[in-house]
1. Return yes or no: is Phe478 open to solvent by less than 60 Å² (accessible area, probe 1.4 Å), near the ligand (Cβ under 10 Å from one of its atoms), in contact with a Ser or Thr (Cβ under 8 Å, 6 or more places away or on another chain) and not aliphatic (A, V, I, L, M)?
2. Working carefully through the options Ser87, Ser2, find the one that is among the small types (Gly, Ala, Ser), at pLDDT below 90 and surrounded by fewer than 15 Cβ atoms within 10 Å (Cβ to Cβ).
3. Give me the residue from the stretch 50-70 that is of a type in the set (Gly, Ala, Ser) and surrounded by 18 or more Cβ atoms within 10 Å (Cβ to Cβ) and, out of that set, nearest to Glu21 (Cα to Cα).
4. Hey, any hits in the stretch 457-471 for a residue that's within 16 Å of the ligand (Cβ to nearest atom), closer than 26 Å to Glu357 by Cα, open to solvent by 60 Å² or more (accessible area, probe 1.4 Å) and small (Gly, Ala, Ser)?
5. If I ask for residues that are outside any helix (DSSP H, G or I), touching a strand residue (DSSP E or B) at 6+ places or on another chain (Cβ under 6 Å) and of a type in the set (D, E, K, R), which ones from the stretch 351-384 would you list?
6. So Pro499 fits all but one of (1) free of Cβ contacts under 8 Å to residues at least 12 places away in the same chain; (2) assigned to a strand (DSSP E or B); (3) closer than 24 Å to Asp403 by Cβ; what number is the exception?
7. Could you pull out the residue among Ala225, Ala256 that is surrounded by 16 or more Cβ atoms within 10 Å (Cβ to Cβ), within 30 Å of Arg124 (Cβ to Cβ) and modelled with pLDDT under 50?
8. Pairs only if they're at least six apart or on different chains, beta carbon under 9 angstrom, first in the stretch 454-481 and part of a helix (DSSP H, G or I), second more than 11 Å from the ligand (Cβ to nearest atom) and not hydrophobic (A, V, I, L, M, F, W, C); list them, first residue then second.
Amino acid sequence: MSQTQIAVPDLGGMEEVEVIEICVQPGDSVGEEESLVVLEGDKASMEVPSPVTGVVHTLLVKVGDMVSTDSPLAVMDVQGPADASISEPAETDPQPSLQSVPVQAASAEQANAPTGASSTIDVRVPDLGGLDSVEIIELSAAIGDELQAEESLMVLESDKASMEIPVEQAGTLLSFTVKLGDKVSEGDVIATMQVTTADASAPVTPAQKAPSQKEPPQKAPPQIAASSVSAAPVAAKPASQSPAINSSGTVHTGPAVRKLAREMGIDLTQVTGTGPKNRILKEDLLGFVKQKVNSVNQAVTAAVGIKGSNEDFSRFGGISEQPLSKIKQITAKNMVASWTTIPQVTQFDEADITDLEIYRKGGMQSQLPEGVKVSPLAFILKACVKALQKYPQFNASLGPNGDTLILKEFYNLSVAVDTPDGLMVPVIKQAQVKGVVDLARESSNLAKLARDKKLPMDAMMGASFTISSLGGIGGTAFTPIVNAPQVAILGVSKAAYKPVWNGSSFEPRLMLPLCVSYDHRVIDGAQAALFTRYLCQLLSDVRHLLL
Ligand code: CAO
């Protein structure tokens, strides 16, 4: 075992390029020709494949580093003695493929093939059926790929046709001598391959022996896909279900697709490749984006949809159909969104408000200014402020990515008001600076404005917590829906006298049912129980609320 330093190969004239992707981690076993890093200059991106088989010992670069020819990239543990030439591949590269993917030396000597059994050949553009100067739109194979005869190497497209260029002979792809977007004609050298020949003494079209441009092409004719530009031979291939990840865990695709994926923020390991050996093509990436957009749209539609039934109920008897008010339609959408996106739980408890009600209906009433009426709601509002101050996570919202909690230092309490047109939720702003009487006056004013349809828009914004009181109507308990983006809501049902055990006897006490629904992503059950209990304690001793 020895250690070998891997360096950046000849960059073909580019001075500095950026490391845009690290394909391996220390400890990874890497095969020869598997990508180590991806580099990008202002003209091209390129993968740097490992020239050896071994284990990555140390990475000497990180994403964002600028490197140039011969810059150290990594140290590899390899079997056998270190090969000093590995860090200097540029010295041995007879034809550096500067703008395109290949960066490794590609001579037969470096190909590590059995002596006398393999040779390096040029791959040339075959007869293009009369077309000239045709653009390369897809590189279908990667350096190091073992290609079978007739397997696609690249795709060309002119204004008349698209065509795959297959390799004639099976072998290992050593380099591309062209890049995406280049225009090629019949006879042009486009790649070099290492092939195994039956007779080692008679290698086929060795790379070192360049035939003249006029020499007839040696390769199979291209598969002309169609006679119009709309032909898409690439897409016509059967879609593969397996992701385009090679044995080293890196994604099998070209630099252009990588760049596009990076710009769009797409994790390529999630994309299924339909190219040769599951290679991800540009079409795959675009298809993936389309699919994601569609599914998001569907989810949004489902979340905000208020679609009802298509059933013809008149088959069973008489029916009439009424339009839903705008308020009801908006409420429906908000409810569906909250119900489907927030995991919510409701905590129930009872507050003993016997003493509070004696005070409210007795001593307090006589001290109130003319025309002011204080219902239990005003005390409940006051108690909520105090409970929210003690348990601030109830007066909060989840951050945009769901990984932070935004705690609010204002206590803007919205109160659900039942109006003929539907539910409205005006907000009592800065409730923490208001006393019980002020809260009573403001909640009653806001309820009146809501019922008279005179609520200004601003009066319904900025709430940090909601109270829904059905106490004036009846009921023993209910489960209010969290008013997103808030994380909790208090439901209040009708107070009723109940026999309560005081330690020696049952006593009639006026018990107020409280129901706290909460976003379980933010609030734990124990916190909800403590919060609700604390509310009950506050309401059971009126002194807490008047101080
Ligand atoms: N238990 C027993 N009695 C109660 C009570 C309770 N929890 N809450 C109120 N009351 C009594 C009041 O004291 C009042 O009695 P008096 O007239 O004898 O004093 C009576 O019920 C009516 O009260 P109110 O409803 O007019 O006043 P409020 O301050 O309690 O409530 C408001 C105001 C706007 C919350 C209420 O009118 C309302 O619209 N509630 C409906 C809210 C709603 O629809 N929520 C469901 C939303 S979906 O989750």
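1. Numbers: open to solvent by less than 60 Å² (accessible area, probe 1.4 Å): yes; near the ligand (Cβ under 10 Å from one of its atoms): yes; in contact with a Ser or Thr (Cβ under 8 Å, 6 or more places away or on another chain): yes; not aliphatic (A, V, I, L, M): yes.
Yes: the conditions hold for Phe478.
2. Details: Ser87 fails: surrounded by fewer than 15 Cβ atoms within 10 Å (Cβ to Cβ).
Being among the small types (Gly, Ala, Ser), at pLDDT below 90 and surrounded by fewer than 15 Cβ atoms within 10 Å (Cβ to Cβ) holds for just one of Ser87, Ser2, which is Ser2.
3. Keep residues of the stretch 50-70 that are of a type in the set (Gly, Ala, Ser), which gives 50, 54, 64, 68.
Narrowing further to those that are surrounded by 18 or more Cβ atoms within 10 Å (Cβ to Cβ): 50, 54.
Numbers: Ser50: 14, Gly54: 20 Å.
Looking at residues that are of a type in the set (Gly, Ala, Ser) and surrounded by 18 or more Cβ atoms within 10 Å (Cβ to Cβ), I get Ser50.
4. No, the conditions are met nowhere in the stretch 457-471.
5. Filtering the stretch 351-384 for residues outside any helix (DSSP H, G or I) gives 351-353, 368-375.
Checking which are touching a strand residue (DSSP E or B) at 6+ places or on another chain (Cβ under 6 Å) leaves us with 351-353.
Scanning the stretch 351-384 gives a single hit, Asp352.
6. It is condition (3) that Pro499 fails.
7. Numbers: Ala256 fails: modelled with pLDDT under 50.
Exactly one residue qualifies, and that residue is Ala225.
8. Correct list of pairs: Ala459/Lys429.
The values are calculated or read from the model by the stated rules, or taken from the named source; none is laboratory data. Owing to the predicted nature of the structure, the values given are computational and were not obtained by experimental measurement. Using ideal geometry, Cβ is built from the backbone for each residue, glycine included, and neighbour counts are taken over all protein chains shown. All accessible areas refer to the heavy atoms of the entire protein, side chains included, with ligands and DNA or RNA removed. Shrake-Rupley method; radii C 1.70, N 1.55, O 1.52, S 1.80 Å.
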